[in-house]
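Below: the structure, in structure tokens.
Here, each number is a calculation from the coordinates, and none is a lab measurement. Note that the structure is predicted; figures quoted are calculated from it, not measured. Heads up, the Cβs are rebuilt from the backbone with ideal geometry, glycines too, and the neighbour counts pull from every protein chain shown.
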Amino acid sequence: MSTTSPFCPCGSGLVYDTCCRPLHQGEREAESAEALMRSRYAAFALGGLGDYLLATWHDDSPAKAGLDAAALSRRELDWRRLEVLAVDEQGARATVEFRATFSPPAPLGAKAVEESLHERSRFVREEGRWRYLDGEIFNPAQAVKQGRNAPCLCGSGRKYKHCCAQR
């Protein structure tokens with residue numbers, strides 16, 4: 001889990017050591033749903049942070065069932081950038097709409113193709129801690145060319161055909 005840039009992969013423009021690293025290391029909690037969403041994106045982008053991803057997934061989330069830290073720690077996509085499109089935080093509930101650009105592994109000698117995931121994530125705050133509940137993927141067939149046997153983009157660690165393809 002290292003980055004070639006001192007800047008955080010979450011796109012905040014801040015240095016990783018003062019941005020998402022303290023959240024990933026459990027030194028502090030996310031102060032907002034957007035901060036939690038950015039830290040989760042950074043965890044996927046860096047890889048090796050499956051324990052953090054599990055800990056920030058709400059226990060009532062149906063997608064959390066059957067997940068394990070090892071599967072969530074695998075970095076199977078090259079996450080390129082995050083764009084936060086909208087944030088709506090009202091009390092203990094929030095939504096964060098974002099677009100995450102990534103490249104799946106390219107065949108040897110082929111150029112990587114950028115794709116994007118457009119999602120509106122739902123978060124809840126309980127006992128002062130924000131947790132990811134679930135997300136609505138926009139136009140999954142158009143926005144992401146997801147292979148049936150490829151890892152699901154939601155980060156569940158399951159194949160797409162056994163996860164979001166069934167929604």
Report the Cα centroid-to-centroid distance between the range 48-63 and the range 113-140 in angstrom, as an integer.
12 Å
Two-site label geometry, ALA65 and LYS111: point separation in nm, points 7 Å out along Cα→Cβ
4.4 nm
Whole-Hz ³J(HN,Hα) for each residue in the range 118-130, computed from phi via Karplus 6.51 cos²θ - 1.76 cosθ + 1.60 with θ = phi - 60°, x for glycine and proline: what do you get?
10, 9, 10, 8, 10, 10, 10, 10, 10, 6, x, 10, 7
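Students often check this: by mean Cβ neighbours within 10 Å, which of 107-114, 40-47, 96-103 ranks highest, and how do the rest follow?
Working: 107-114: 8.2, 40-47: 23.4, 96-103: 19.0.
Result, highest mean first: 40-47, 96-103, 107-114.
Using the per-residue mean of other Cβ atoms lying within 10 Å as a proxy for protection, in what order, highest first, do the peptides 65-75, 128-138, 28-38 fall? Provide the component values of the computation, followed by the final result.
Values: 65-75: 14.5, 128-138: 17.8, 28-38: 19.5.
Final packing ranking: 28-38, 128-138, 65-75.
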Radius ratio Rg over Rh of the range 16-139, counting only Cα atoms, Kirkwood formula for Rh
0.97
